[in-house]
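One structure is given here, and the rest of the page talks about it.
Here, each number is a calculation from the coordinates, and none is a lab measurement. Quick caveat, the model's predicted, so the values are computed rather than measured. Cβ placement follows ideal geometry from the backbone for every residue including glycine, while neighbour counts extend to all protein chains displayed.
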Amino acid sequence: MDTKKKIIEVLPYGKPYHFVDRIVSINENESISCYRFKKDEFFYPGHFKNNPVIPGLILLEAAGQMGAVCLGIYLLDLHHSGHSFIPVIARIEADFHNPVYPGEEICTYTKKIVYRKNVLKCELNVFNQKKEPILSAIALCKFILNETQ
């Protein structure tokens, strides 16, 4: 199986919290992943009335999944093949630049800063289809051994 498809398959998220459609590229130092927000996502009715936009926390979750979690799974497979880990976004510091609307696709460009002892610190830059910046962040993701499997 293709590495990119394998990473998406092992993501520990289900609907409605699965925010990775495709991985464009991935290697030991960086990745690019994308997600298109459906026009019927569960959070639109309350955010905002008659003017739906993607909530900031959902954008952070999507960026974390597309960036830190996908790259972390890739790195874990290189170093701990066969083990199951639970990703935990331990810290994220972000700046928001532009809103995202229903139906828009965003892509997260991720660059590894450091990976040590199953902890990934990375830079996340999210853009829309027009290449406008959506958010930029520094994220710390811990991968905890899943001892239930």
| remark: Filtered hits (aspartates and glutamates, Cα-Cα < 13 Å from K131, offset >= 8 within chain) -> E104, E105
| Length released on extending from D21 to K5, taking residue separation times 0.36 nm less the Cα-Cα span | 4.8 nm
| request: Taking a cut-off of 13 Å between Cα atoms, list the aspartates and glutamates near K142, but don't count ones fewer than 8 places away on the same chain. | output: none
| said: Taking 0.36 nm per residue of sequence separation and subtracting the Cα-Cα distance, how much length would be gained by fully extending the chain between L57 and D77, in nm to one decimal? | reply: 4.4 nm
| remark: With DSSP loop assignment and no more than 12 other C-beta atoms within 10 Å, the GluC sites (Glu not before Pro) in the range 1-77 are E28
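What FRET efficiency would be calculated for the residue pair S84, F43, taking the C-beta separation as r and a Förster radius of 35 Å, to the nearest 0.05?
0.75
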| note | Taking 10-16, 137-143 and ranking on average Cβ neighbours within 10 Å, highest first, one gets 137-143, 10-16
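Going by average Cβ density within 10 Å per residue, which order do the peptides 87-93, 45-51 take, highest to lowest?
For the peptides 87-93, 45-51, the packing ranking is 87-93, 45-51.
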| task | Would you work out the relative contact order for the chain, in percent, from Cα pairs under 8 angstrom that are 6 or more residues apart? | result | 25
| said: Show me, for the range 121-137, the HN-Hα J-couplings you get by feeding each phi into the Karplus relation (A = 6.51, B = -1.76, C = 1.60, θ = phi - 60°), rounded to Hz, glycine and proline as x. | reply: 10, 8, 9, 10, 10, 10, 10, 8, 4, 7, 6, 7, x, 9, 7, 10, 7
| request: Only helical DSSP H runs with n ≥ 4 go in: add -39500 (n - 2.57) per run for the chain, normalise by residue count and round the 222 nm mean residue ellipticity to 500 deg cm²/dmol. | output: -5500 deg cm²/dmol
| remark: Under the Karplus relation with 6.51, -1.76 and 1.60 and θ = phi - 60°, whole-Hz ³J(HN,Hα) for the range 26-38, x at Gly and Pro, equal 7, 8, 4, 10, 7, 8, 9, 9, 9, 8, 9, 6, 5
| query | Using the Karplus equation 6.51 cos²θ - 1.76 cosθ + 1.60 (θ = phi - 60°), what ³J(HN,Hα) coupling, rounded to whole Hz, does each residue of the range 104-110 give in order, writing x for Gly and Pro? | reply | 7, 9, 10, 10, 10, 9, 10
| From the list (1) 47, 29, 28; (2) 104, 57, 25; (3) 44, 34, 26, can you say which value of Cα extents along the principal axes in Å was derived from the structure given? | (1)
| query | Setting aside same-chain residues fewer than 8 positions from K112, which aspartates and glutamates have a Cα under 13 Å from its Cα? | reply | E28, E30, E123
